[in-house]
1. Taking the conditions exactly as written (open to solvent by 100 Å² or more (accessible area, probe 1.4 Å) and within 13 Å of the chain's Cα centre (by Cα)), does Gln110 satisfy them or not?
2. Could you please let me know if Arg111 is touching a residue at least 40 places away in the same chain (Cβ under 8 Å), under 30 Å from Gln49 (Cβ atoms) and of a type in the set (Lys, Arg)?
3. Only one of Thr125, Thr102 is assigned to a helix (DSSP H, G or I), touching a residue at least 24 places away in the same chain (Cβ under 8 Å) and open to solvent by less than 70 Å² (accessible area, probe 1.4 Å); which?
4. Here are some residues: Leu12, Leu56. Which one is in a helix (DSSP H, G or I) and either surrounded by 13 or more Cβ atoms within 10 Å (Cβ to Cβ) or on the phi > 0 side of the Ramachandran plot (or both)?
5. Mind listing just one residue for me: the one in the stretch 27-43 that is within 29 Å of Glu101 (Cβ to Cβ) and free of Cβ contacts under 8 Å to residues at least 24 places away in the same chain and, of those, surrounded by the most Cβ atoms within 10 Å (Cβ to Cβ)?
6. For Ala48, indicate whether it is at pLDDT below 95, aliphatic (A, V, I, L, M), under 20 Å from Arg111 (Cα atoms) and out of contact with any Ser or Thr (no Cβ under 6 Å at 6 or more places or on another chain).
7. If Ser50 passes every condition in (1) in a helix (DSSP H, G or I); (2) surrounded by 11 or more Cβ atoms within 10 Å (Cβ to Cβ); (3) without any contact (Cβ under 8 Å) to a residue 60 or more places away in the chain but one, which one does it miss?
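The values are calculated or read from the model by the stated rules, or taken from the named source; none is laboratory data. Just so it is clear, the structure is predicted and the values come from calculations on it, not from any experiment. Using ideal geometry, Cβ is built from the backbone for each residue, glycine included, and neighbour counts are taken over all protein chains shown. Surface accessibility is based on the protein's heavy atoms, side chains included, excluding ligands, DNA and RNA. Shrake-Rupley method; radii C 1.70, N 1.55, O 1.52, S 1.80 Å.
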Amino acid sequence: MTTVTVPWSKLLQQPNQVTAELATNDAVRLARRGAEDLILTTAGRDRAQSDDADLLTRTFAALVKRDEAARGLLLTLPEIFPWVRFLPEDAVREFLVEFVETARACAEIQRFTALHQVIVEWKHTAEIHSDPELHAQLSQSFEPDPDLPPVTPAEETA
């Protein structure tokens, strides 16, 4: 993907010239001072990227359903996410399924924030498994203090 960067002020001063860059570039990055840059692209390119993401996630979802392909994906996960080496084997499978299913759902609505959250949460789980002392502490059963009053359902949601 080729992207040209122009200052935000140029878009304001010469909008036709900036949008003309889309004829030879996939996108125009609008650099802004004191704020995150913006990306300008055509609706067709944006739709094509969404369609590509959807196709890719459908492919992975189909692969996970096939034993041999799922095995291959499981073997490649440590190359993509090195931290999965700290997860128990059954947790790695669970991560793969959740990752693929969430990616599929995200592609459907064209928003990938939830997929990022799945990765972050599983990485934190791997961090816990990588520290035997921490894992042992967090794996202990929790006994409430008998001197404290019980928590009612209304208090749990507060």
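1. yes
2. no
3. Thr125
4. Details: Leu12 fails: either surrounded by 13 or more Cβ atoms within 10 Å (Cβ to Cβ) or on the phi > 0 side of the Ramachandran plot (or both).
Leu56 is the lone residue from the list that is in a helix (DSSP H, G or I) and either surrounded by 13 or more Cβ atoms within 10 Å (Cβ to Cβ) or on the phi > 0 side of the Ramachandran plot (or both).
5. Here is the first cut: in the stretch 27-43, the residues within 29 Å of Glu101 (Cβ to Cβ) are 39, 41, 43.
Subset that is free of Cβ contacts under 8 Å to residues at least 24 places away in the same chain: 41, 43.
Values: Thr41: 16, Ala43: 7.
In this case the residue turns out to be Thr41.
6. So Ala48 fits the description; yes.
7. Failing condition for Ser50: (3).
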